[in-house]
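Below is one structure, written out as C-alpha cells; the observations come after it.
The values are calculated or read from the model by the stated rules, or taken from the named source; none is laboratory data. Owing to the predicted nature of the structure, the values given are computational and were not obtained by experimental measurement. For neighbour counting, all protein chains shown are included, and Cβ atoms are generated from backbone atoms with ideal geometry for every residue, glycine included.
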Amino acid sequence: MLEQIDTVVIGAGAVGLAIARRLSLDGHECLVLERETAIGQGVSSRNSEVIHAGIYYAEGSLKGRLCVSGKSMLYAFCEKFGVGFRRCGKIIAATSLDDLDELERIKKKASNNGVADLKDLDQGEIQALEPEICAVGGLLSPSTGIVSAHEYMLALQGEVEAHGGAVSAQSEVTQIVFEQGRYRISVSIGDQKEPFHFSANRIVNAAGLGATRVANSIVGLPQARIPNMFFCRGNYFSMSGKNPFNHLIYPVPPKSGAGLGIHATIDLGDQVKFGPDVEYIDSERYDVNSSRLQSYYSAIRQYFPGLKEGSLSPSYAGIRPKIQGPDELPKDFIIQEESTAGFPGLVNLFGIESPGLTASLAIADEVADFYRWSS
C-alpha cells in the first residue's frame, strides 16, 4: 500500500503556497512539494516585488481580472498577517508628445479591467510629485505598491501548516501516473538514490519555470495540453546613493509588447533598482548580463536625466516563465483543469509570470473553484 495524500501542490512559490493555503482552508489535506532547498527560490524571489494595479492587460484576460481582484486580497492579507508592504503609487511618465496618445490607450485598457483610480498628470503636476523626473505628462496609479515577497511567502507557509498542511523541500517530482482513480507520484528527495512513491487524489502543478517539465512527467497527458515555455531573463541594476523618488516610475511601455520598459522600483529599505529588461535565453541562468548596462543608462535618462554615470551596479536577475516566444504577442495565464483529457483532479498552471505575485490569492481561489465544482 502506498502512503496516501489528499492533495499535492507542486511548487512552493507565492502561487503554489497561496493555492495550498486556500485548499487547506477548504479542508483539503495539502502537501506542497518543492524542488529547491527552501520556499520561493525561483520566480517569486527574483522580481520587482510590485503590487500591480491591473493596468496593462487585455480586457477579459485572466491576468487583468485576477490582478485586480488579487491586489485587494493581497493588501488585506498583508495587513492581517503583518507582511511588509507600502502603497507608494506609481507614475507612468510620457517623455514625448507621441507617448501622450499611448497614455490614453493605457487608461482605457485599465478602465476596461476595472481600474478606476488612475489620474492624469500634466508636466507641472509630475514636477511637483517627482522633481527629478522629466516628462510632458503621465498617469498616477495610487493603488500600485510594493511588498516583501519573502515575508508574504512565509506567512502563506505558516497558514498552510496551521491548517494541517506541510511543505517538503528538496522534493522533485519525476513521474506521475493516473491509475485506478488516483495519482501515483514518484519523488526524488534530497540525495536519496531511490525515489519515494505515494498517491494523491488531486494534483496542482504550480511549478513556475518547471511547470512544463512537471506536465511532461505525467504519463499520458496529451502534448497538445502542454504549451511551449521560454526562459525570459530580466536583469536588475541597483542605484547607489539616496533614493530620489517618492513613487515607482515607469516609462510608457514599448510598442513591441515584450515588457513594460526599464522602470524604477523602490524596495521597503528605500533602495532603488532599475529593470527588468527582456532577454530570452536558452537555460535557467541567474547571472546579470552586465553588457546591457549602457543601454540601461540610455533608457533611464529618458525620464531621469539626472542619473549619474557610474551609479548603477548589477543587482540580480529573474526569469519569467513565458509561453510566448520572442516574436509572438503576449499570452494570458493558463489555468487548466485536465478532467476532459482524462485526468480528473489535475490542474496545470502555465505562463504564470507578472502579475502572478499580485494575483496569487485570486489564482488560488480560481483553482479552488475547480474542486468545488467537481465535488
If you check A20 against the conditions, is it in contact with a Leu (Cβ under 8 Å, 6 or more places away or on another chain), closer than 23 Å to H197 by Cβ, of a type outside the set (F, W, Y) and part of a loop (DSSP other than H, G, I, E, B)?
no
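Being in contact (Cβ under 8 Å) with a residue 40 or more places away in the chain and not in a strand (DSSP E or B) is true for just one of L361, L349. Which residue is that?
Exactly one residue qualifies, and that residue is L361.
Here's the yes/no breakdown for (1) acidic (D, E); (2) touching a Leu at 6+ places or on another chain (Cβ under 7 Å); (3) assigned to a strand (DSSP E or B):
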residue	(1), (2), (3)
V160	no, yes, no
Y183	no, no, yes
D191	yes, no, no
F198	no, yes, yes
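Among D332, D365, D287, D327, which is the only one that is charged (D, E, K, R) and at pLDDT below 95?
That would be D327, the only listed residue that is charged (D, E, K, R) and at pLDDT below 95.
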Those residues of segment 229-277 which are in contact with a helix residue (DSSP H, G or I) (Cβ under 8 Å, 6 or more places away or on another chain), assigned to a loop (DSSP other than H, G, I, E, B) and aliphatic (A, V, I, L, M) amount to M229, V252, I262
For segment 333-343, state whether one or more residues are surrounded by fewer than 21 Cβ atoms within 10 Å (Cβ to Cβ), of a type outside the set (A, V, I, L, M, F, W, C), out of contact with any Asp or Glu (no Cβ under 8 Å at 6 or more places or on another chain) and touching a residue at least 40 places away in the same chain (Cβ under 8 Å).
yes
Residue identified as in contact with a strand residue (DSSP E or B) (Cβ under 7 Å, 6 or more places away or on another chain), closer than 30 Å to E34 by Cα and among the aliphatic types (A, V, I, L, M) among V160, V136:
V160
Pick from segment 58-79 the residues that are touching a helix residue (DSSP H, G or I) at 6+ places or on another chain (Cβ under 6 Å) and not hydrophobic (A, V, I, L, M, F, W, C): which of them is farthest from E151 (Cα to Cα)?
E59
Whether any residue in segment 190-199 is under 19 Å from the mean Cα position of the chain (by Cα), of a type in the set (S, T, N, Q) and under 18 Å from C30 (Cβ atoms) is what I want to check.
no
Criterion violated by M73 - all others in (1) in contact with a Leu (Cβ under 8 Å, 6 or more places away or on another chain); (2) of a type in the set (A, V, I, L, M, F, W, C); (3) buried (at least 20 other Cβ atoms within 10 Å of the Cβ); (4) assigned to a helix (DSSP H, G or I) satisfied:
(3)
